[in-house]
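Data block below; observations after.
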Amino acid sequence: MGKREGLEVSLAVAEAVKLARADVIAAYPITPQTHIVEKLSEMVAEGELDAESITVESEHSALSACLGSAAAGARTFTATSGQGLELMHEVVYIASSMRLPIVMAEANRALSAPLSVWGDHSDVMAVRDTGWVQIFCESGQDAFDLTLWAFRAAEDKRVLFPVMVNLDGFHLTHVVEPIIIEDQAAVDAYLPPNDFPVPLDPRKPVNMGTFAPPHIYSEIKKSQEVAFQGTRPVLRELLDDFAKHFGRKYNFVETYKADDAETLILTMGSYSQTASVAVDELRAKGRKVGQVRIRLWRPFPFDELRAAVRNAKRLVILDRAIASGTSSPVATEVRSALYNEEKRSKIASIVAGLGGRDILPEQFVEIIERGEKIADEGQKEPFEMYGVRG
Amino acid sequence: MSNFSVYASRLAEKTEHFTPGHRACVGCAEALAVRLVAKALGDNVIMVNATGCMEIISSPYPDTSWDVPWIHTLFENTAAVAAGVESALKVLRRRGKVKDPRRIKVVAMGGDGATADIGFQALSGMLERGHDVLYICYDNEAYMNTGIQRSSATPFGASTTTSPAGEKSKGQQTWKKNMPAICAAHGIPYVATACPSYPFDLMAKVKKAVSIQGPCYLHVLSVCPTGWRSASDLAIRMGRQAIESGVFPLYEVENGEWKLSMDFEKLIPVADYMKGQGRFRHLTEQDIAGIQEHVTKEWHALRKKCGLE
Ligand SMILES: Cc1ncc(C[n+]2csc(CCOP(=O)(O)OP(=O)(O)O)c2C)c(N)n1
Ligand code: SF4
Ligand SMILES: [Mg+2]
């Protein structure tokens, strides 16, 4: 049986990596991810985790070392945030295109300039289309569970794509929560050893990363994309399997008081819990308000999202990132998911919570009410920023 | 002696691990160097290759020239990828998941651009952390794969497409970055220079490097007829002239001890080496005299380090 502990969420992620018996960890310090790798280094130093910890000289090298490690067949973990993820950018594509099952904890952080170490989703939005499975945590328990799940998903031979576990910087990484840490036997029963099908091995030589002339590049990219789009049923099955083992069920899209709701607030990440409080408050006043939370961001869960919002008149979408020069990222995605539907909700795109700014429950109430008005009137601007001076 | 060097190559290992059919230009000494290195390495090796000529000529999907495990990912991260492979093998072996008792050697390779410029940081990190990796730089003195642009390893005076000779320029205006010395300054156990014009010296250095535990660095001068604008049948001779003129001395730095592999009582003039190369064609006698002065000075400095002066 696992045991419930009061634990900083970053440390719970490190516990999950240890329980997963990761072989190689390559990472570079950056706030607010640092506690994860510091804890892992400590575990290695204390002999609690028999892994190689590569203290690389940059994030570009961190993910590059992960490429080599995963290609050699080792269970491989990295963690990063903000600028670190941007420095990795080029390598992020290589990991997915070469089908290397790397797991990354991503402490979501705003991007410079101006420098901000605080949380928002600008960093992950810049790599959203890179072919990684991307999943969002809302709580410390999510972070522990989904890190374990990420290894299972990445290494499943029907998947073989890298998985990015997103946790909001500070608002999630640095809070102490009661978290059930499962015991080693239960984790071992859940997570089989990594069995990468084509490791670099002199006894069975393979070549990886050859270049593709025009006559074959499209075919290779098509096969990658067909495989990636095809992971949805497997990922669904693996979440079910996680529930069977540990009793906690995660879905691609979560709903809260959504069935009869006329207005849905749509969120992603740890602010979802605060939004739920606002939903309760509005419900108490008799308003038909509910919530939809996107958990799996890539591959995008079209079916689940459509089903979740089918009956709503209005969708108020909160984004914690700007997509410069266009609408906000989640709103854009949802709009395109619904465009061909017979019946579709009116959409309000609202951006808030940038660079670590809090959104309090009463502000969520305002966001929902403002969103309802915008949706009813028809949104003229690509998005609206909430609570911003100037 | 001259007869020996003609026939000796027949004594080399016959098995090819870098196999025929690749797309290198005629007379490419870089491809020859890779072939000799592959012979010396044998089959118990994992190759990590940077983007550049050697990657492109050997791996157009679905063909490959490599019959050893080989991975290419990017231009500048090869040392880091190799560090990842090496760390993986280490932990997998420790945990009993790699059962092969033989030591598997991880070898990273890149051009001068991949090594001295864009991959410099990753290389320094890998050397400093002490990974058991042999890194080989194939130095053809420019970014050849993208069309002969200058690198920090391009020699003084060479005309390239981004350091062209012209009315107001004499080509490259900086001295070649001294990568072997920089790597030696990391305090790694073994650094050496080599050239495929001396195949046995090259192969012996590769074999020595793989026998050593810890990071090793091999810098291989590789004549590139296309980029140097030289005759494709002269690559071997040109490599020898580079060494005989002191432009590219052959030496080893073993545990901090510098040792010249070939000493000369008298160097041939650098002008003899530069003569057949279109990249130096614009240089005047006076320009070449300046280069000669620099080469002579460096040669004596090296001999001093080797305790010969
Ligand atoms: C990040 C990045 N920048 C630039 C390039 C383009 N590029 C590919 S190979 C190359 C030059 C390679 O030069 P070198 O390392 O000396 O190898 P050579 O081709 O000369 O053997 C360049 C500039 C790239 N592939 N990636
Ligand atoms: S450009 Fe130079 S290094 Fe590249 S393949 Fe041709 S001869 Fe060899
Ligand atoms: Mg080059």
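Top mean-square fluctuation among A:Ala243, A:Ala113, A:Ala26, Gaussian network model of chain A, C-alpha springs under 10 Å?
Judging by the Gaussian network model, the answer is A:Ala113.
Provide A:Met268, A:Met43 in ascending order of the number of other Cβ atoms located within 10 Å of each residue's Cβ, fewest first. Numbers along the way, then the final one.
Numbers: A:Met268 26, A:Met43 20.
Result, fewest neighbours first: A:Met43, A:Met268.
Going by how many other beta carbons lie within 10 Å of each one, how would you line up B:Glu309, A:Glu369, A:Glu237, fewest first? It would help to have the intermediate numbers written out before the result.
On the way: B:Glu309 10, A:Glu369 16, A:Glu237 13.
By the 10 Å Cβ count, ascending, the order reads B:Glu309, A:Glu237, A:Glu369.
Suppose every Lys and Arg Cβ carries +1 and every Asp and Glu Cβ carries -1, with no other charges. What dipole size does region B:169-286 come out with about its Cα centre, to the nearest 20 debye? Working shown, then result.
Details: 14 positive and 10 negative charges, 91 e Å.
With Lys and Arg at +1 and Asp and Glu at -1, about 440 debye.
Please name which of A:Leu266, A:Val176, A:Ile94 has its Cα lying farthest along the dipole of the protein assembly as shown towards the positive end, using unit charges on Cβ (Lys, Arg +1; Asp, Glu -1) and the Cα centre as origin.
Positive-end residue among those listed: A:Ile94.
In whole Å, largest first, what are the principal axis extents of the Cα atoms in region A:154-218?
53, 30, 21
Given the alpha-carbon gyration tensor of region B:161-309, what are the semi-axes of its equivalent ellipsoid in whole angstrom, ordered largest first, with each equal to the square root of 5 times an eigenvalue? Show your work: numbers first, answer last.
On the way: eigenvalues 156, 58, 46 Å².
Those come to 28, 17, 15 Å.
Put +1 on the Cβ of every Lys and Arg and -1 on every Asp and Glu Cβ in region B:12-305; which of B:Leu234, B:His300, B:Phe120 then has its Cα farthest towards the positive end of the dipole?
Among B:Leu234, B:His300, B:Phe120, the one farthest towards the positive end of the dipole of region B:12-305 is B:Phe120.
So how tilted is helix B:235-244 from the main axis of chain B? Cα-based, degrees 0 to 90, rounded to 10.
80 degrees
At 37 °C and a viscosity of 0.692 mPa s, what translational diffusion coefficient does Stokes-Einstein give for the protein assembly as shown, taking Rh as the Kirkwood radius over Cα pairs? Give it in µm²/s as a whole number. Write out the running numbers ahead of the final one.
Numbers: Rh = 27.6 Å.
It comes out at roughly 119 µm²/s.
What translational diffusion coefficient, in µm²/s and rounded to a whole number, does the Stokes-Einstein relation yield for region A:253-385 at 20 °C and a viscosity of 1.002 mPa s, taking the hydrodynamic radius as the Kirkwood radius over Cα pairs? Please report the intermediate quantities before stating the final value.
Numbers: Rh = 14.5 Å.
Result for D is 148 µm²/s.
Could you bin all the Cα-Cα distances of chain B into 20 Å bins starting at 0 and give me the percent of pairs in each, rounded to whole numbers?
34, 59, 7, 0
Using the alpha carbon gyration tensor of region A:258-335, what are the three equivalent-ellipsoid semi-axes (square root of 5 times each eigenvalue), largest first, in whole Å?
Details: eigenvalues 91, 41, 27 Å².
In descending order the semi-axes read 21, 14, 12 Å.
Any idea what angle helix B:199-211 forms with the longest principal axis of chain B, computed on alpha-carbon atoms, 0 to 90 degrees, nearest 10?
Long axis of B:199-211 versus the principal axis of chain B: about 40 degrees.
Which value in deg cm²/dmol, rounded to the nearest 500, describes the helix-derived mean residue ellipticity at 222 nm for chain A, given -39,500 (n - 2.57) per DSSP H run of n ≥ 4 and division by the residue count? Intermediate results must be reported in sequence, preceding the final value.
On the way: 14 runs with 158 residues, N = 390.
After summing the helix terms and dividing by the residues of chain A, the value is -12500 deg cm²/dmol.
Which angle from 0 to 90°, rounded to the nearest 10, does the C-alpha axis of helix A:271-284 make with the longest principal axis of chain A?
30 degrees
In whole Å, what are the Cα extents of region B:90-204 along the three principal axes, biggest one first?
Over region B:90-204, Cα extents along the principal axes are 65, 31, 27 Å.
Could you tell me how far the Cα centroid of region B:37-108 sits from the Cα centroid of region B:115-133, in Å?
If you average the Cα positions of each part, the centres end up 16 Å apart.
List the extent of the Cα atoms of region A:216-279 along each of their three principal axes, largest first, rounded to whole Å.
52, 31, 23
Tell me the Kirkwood radius of region B:236-295: reciprocal of the mean inverse pair distance over distinct alpha-carbon atoms, in Å. Provide the component values of the computation, followed by the final result.
Working: mean 1/r = 0.0794 Å⁻¹.
This gives a value of 12.6 Å.
Which ³J(HN,Hα) values in Hz, rounded to whole numbers, follow from the phi angles of region A:104-111 under the Karplus curve 6.51 cos²θ - 1.76 cosθ + 1.60, where θ = phi - 60° and Gly and Pro get x?
10, 8, 10, 7, 4, 9, 5, 9
If the cut-off is 22 Å between C-alpha atoms, which lysines fall inside it for A:Lys39, apart from same-chain ones fewer than 8 positions away?
Reachable lysines: A:Lys3, A:Lys18, B:Lys90.
Could you derive backbone 3J(HN,Hα) for region A:315-324 from the dihedral phi with the Karplus parameters 6.51, -1.76 and 1.60 (θ = phi - 60°), listing whole Hz in sequence and x where the residue is Gly or Pro?
Calculated HN-Hα couplings, in order: 10, 9, 9, 9, 10, 9, 7, 9, 9, 3 Hz.
Taking neighbour counts of Cβ atoms within 10 Å as a proxy for exposure, in what order, fewest first, do B:Phe264, A:Phe302 appear? Don't skip to the answer; put the middle values down first.
Numbers: B:Phe264 14, A:Phe302 17.
By the 10 Å Cβ count, ascending, the order reads B:Phe264, A:Phe302.
From the residues B:Ser58, B:Val37, B:Val91, which one has its Cα farthest along the dipole of region B:18-111 in the positive direction, the dipole being from +1 and -1 charges on Cβ of Lys/Arg and Asp/Glu about the Cα centre?
Farthest towards the positive end: B:Val91.
Could you give the alpha-carbon Rg of region B:1-94 over 2.2 N^0.38 Å, rounded to two decimals? Mind dumping the intermediate values first?
Working: Rg = 15.5 Å, N = 94, 2.2 N^0.38 = 12.4 Å.
Dividing the Cα radius of gyration by 2.2 N^0.38 Å gives 1.25.
Show the residues, 5+ positions off or on another chain, whose built amide H is closer than 5 Å to the amide H of A:Glu384.
Residues meeting the amide H criterion: A:Ser349, A:Ile350, A:Val351.
Have a look at B:Pro164, B:Pro180, B:Pro249 and tell me which one the Gaussian network model of chain B (Cα, springs below 10 Å) gives the largest fluctuation.
Between B:Pro164, B:Pro180, B:Pro249, it is B:Pro164 that shows the largest mean-square fluctuation.
Given 20 °C and 1.002 mPa s, how large is the Stokes-Einstein diffusion coefficient of region A:113-258 in µm²/s, with Rh as the Kirkwood radius over Cα pairs? Walk me through the numbers before you get to the answer.
On the way: Rh = 17.9 Å.
In µm²/s, the coefficient rounds to 119.
Which residue, A:Asp145, A:Asp23, A:Asp188, tops the fluctuation ranking in a GNM of chain A built on C-alpha contacts under 10 Å?
A:Asp188
Please work out the Cα convex hull volume for region A:102-176 and give it in Å³ per residue. Can you show the working numbers first?
On the way: hull volume 5.7 nm³, N = 75.
Residue-normalised Cα hull volume stands at 77 Å³.
Averaging the inverse of every distinct alpha carbon separation and then flipping it gives the Kirkwood radius. What is it for region A:350-390, in angstrom units? Intermediate values should be presented prior to the final figure.
On the way: mean 1/r = 0.0914 Å⁻¹.
Every distinct Cα pair counted, the radius reaches 10.9 Å.
About its Cα centre, how strong a charge dipole does region A:3-246 have in debye, to the nearest 20, once Lys and Arg get +1 and Asp and Glu get -1 at the Cβ?
Details: 19 positive and 35 negative charges, 181 e Å.
The dipole of region A:3-246 has a size of about 860 debye.
Please give the charge dipole size of the protein assembly as shown, origin at the Cα centre, charges +1 on K and R Cβ atoms and -1 on D and E Cβ atoms. Round to the nearest 20 debye.
Details: 78 positive and 87 negative charges, 271 e Å.
For the protein assembly as shown, the charge dipole is close to 1300 debye.
Just from its helices, what would the mean residue ellipticity at 222 nm be for chain B, if runs of 4 or more DSSP H residues each count -39500 (n - 2.57) and the sum is divided by every residue, rounded to the nearest 500 deg cm²/dmol? Could the numbers behind the result be given before it?
Working: 11 runs with 111 residues, N = 309.
One gets -10500 deg cm²/dmol as the mean residue ellipticity at 222 nm.
Dividing the alpha-carbon radius of gyration of chain A by 2.2 N^0.38 Å (N being the number of residues), what value is obtained? It would help to have the intermediate numbers written out before the result.
Numbers: Rg = 20.7 Å, N = 390, 2.2 N^0.38 = 21.2 Å.
Ratio of Rg to 2.2 N^0.38 Å for chain A: 0.98.
Bear in mind that the values in this text are calculations on the coordinates, not laboratory data. Bear in mind that the values here come from a model prediction, so they are computed numbers and not experimental data. Using ideal geometry, Cβ is built from the backbone for each residue, glycine included, and neighbour counts are taken over all protein chains shown.
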